1. Taking the Cα-to-Cβ direction at ASP345 and at ASN261 and moving 7 Å from each Cα, how far apart do the two end points lie in nm?
2. Highest mean first, what order results for 61-71, 220-230 on Cβ atoms within 10 Å?
3. What is the sum of charges around GLY369, taking Lys and Arg as +1, Asp and Glu as -1, for the other residues whose C-beta is under 12 Å from the C-beta of GLY369?
4. Beta carbons within 10 angstrom, averaged per residue: use that to sort the peptides 405-411, 422-428, highest first.
5. Which aspartates and glutamates, on any chain, are close to LYS120 with Cα under 19 Å apart, when same-chain ones fewer than 8 places away are left out?
6. In nanometres, what is the gap between the two model label sites at ALA278 and LEU441, each 7 Å from Cα along Cα-to-Cβ?
7. Taking 8 Å as the Cα distance limit and 6 or more residues as the minimum spacing, I'd like the relative contact order of the range 37-129 as a percentage.
8. Dividing the Cα radius of gyration by the Kirkwood radius, what Rg/Rh value follows for the range 349-408?
Amino acid sequence: MSLLGCRLSPGIVFLLRLLLLLLVALAFGSSSLAQNSRGSVRGTVFDASGARVRTAQISLTMPSTSQTRRVALNERGDFRVDDLTPGNYIVLAQAKGFGDVSLSFPVLVNFVQQLSIILKPQPVEESVNVRGVPVSVTSQPIDSATAIHQSVVTDYDLQSLPLAHRSFANIAYLTPGTEPVEPSDPTKARITAVSFGGSSGLNVQNTVDGGDNTDDYIGGFLQNFSADAIQEFAVQTAQEEAETGQTVGGSVVISTKHGSNDWHGGAAFYERASALTARYPLDNPSPDSKQPFSRQNYVGTLGGPIKTDKVWFFSSFEYVHEDASISYSPTSLTEFNALASLAADGLIPGVPSISVPNNVPVPFRDFLGTARLDLAQSPHSQWFLRGALDNYTTENDLVQQATLASTGATSGSKYFNVALNNVYSFSPTWLGSFTADFGALHHTEARNQDYG
């Protein structure tokens, strides 16, 4: 490398790169408070007698993308690799005089995987699959490498467990000490909050791919993501890390899906009708017909290589078509009919008539889109760029049991978020990472009428 015609030594080049990384970290200082949306692995290499092998060479490979990271052992024969994209990996241990040993294991978001590798004399070669059964939030081991109380919801959970309202947050309730809380902000339709220890859920911090997804004004989650766009997420309930310094409550750390060398995708359709909805006897008693309701979810995903072993993409799209309704109780109908009689008799100035329906339709339309691009710039540098959109509209919003449809409004919100991340390996023992994210919200409200 040269600068103004002068050739720089490798040591100076290393210092310049380190200085550049520090400047970037300072420029995006707010991102440094974000939680780690990646995973880690640490382990120790032994021989058959239990003695530590300090001369072993360790490499980790993600089979789906062929990306490889090499790491050096310390003087105790231990190793640790951080900032790994969640997914399945293979670790290969090699040492002179010993047979090669490879282990297959999963890397979970915000979780440190512990490995013990035993080398045997040549020519014995051994391959061990640590992941005998799918990793699930219902059966995962305790992370003994940290004091953090957390549970990790994996892709297996998101695909196999039922999701009410197709909201990923509903699985978070499998974590001890959590419960659902309805959002108190009208701009957050269908975004269920997570309560920790009986809290309001507004003091919970949420990050997606290392970028902040927390509402700085009212608290709680900001933007919704399709469950099919999420690789996995961690739910921390106590003893959070120092990087979780923006909240006194719990935290939810999300990592989105990424592409691989194999083309993959899927399509799904979900249907729910009023016949599957329970009747609420106070507001909708028999023999009145059950209040109208229907919801359809259309989901599609596609991912694969743009250039094998170099560039990958993944995209996810979900459209929600919901026709809900609010049924008035007999008490509310009696009061509304009395009000309509007063209007018909001309006793309400400026209001000649009032329509009193048995129920009020509440149509809801939502589009969720996510696209991610991953780049292996070199064996030392990996990038990803992810964009996400949440665009929804609700008619007759804010209408409640004791109010007429004229008091409602048509509301709409457009959320947009972009995250950029780079992980650079300076050496087997030096690693740098930074994340920059940008988010925007445009919300509109249009009242149905000025009276009612």
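FYI, it's all coordinate maths here, none of it is from the lab. Bear in mind the structure is a predicted one, so any value in this text is a computation, not a measurement. We place every Cβ from the backbone using ideal geometry, glycine too, and count neighbours over all the protein chains shown.
1. In this crude label model, ASP345 to ASN261 measures out at 8.3 nm.
2. Values: 61-71: 18.1, 220-230: 24.2.
In decreasing order of mean packing, 61-71, 220-230 become 220-230, 61-71.
3. My count for the surroundings of GLY369 gives -1.
4. Numbers: 405-411: 18.1, 422-428: 16.6.
The packing order, highest mean first, is 405-411, 422-428.
5. Within the straight-line limit of under 19 Å, LYS120 reaches these aspartates and glutamates: ASP47, ASP78, ASP100.
6. Using points 7 Å along Cα→Cβ, the separation is 3.1 nm.
7. Working: 228 pairs, mean separation 33.6, N = 93.
Relative contact order comes out at 36 percent.
8. On the way: Rg = 23.3 Å, Rh = 16.2 Å.
Here Rg/Rh amounts to 1.45.
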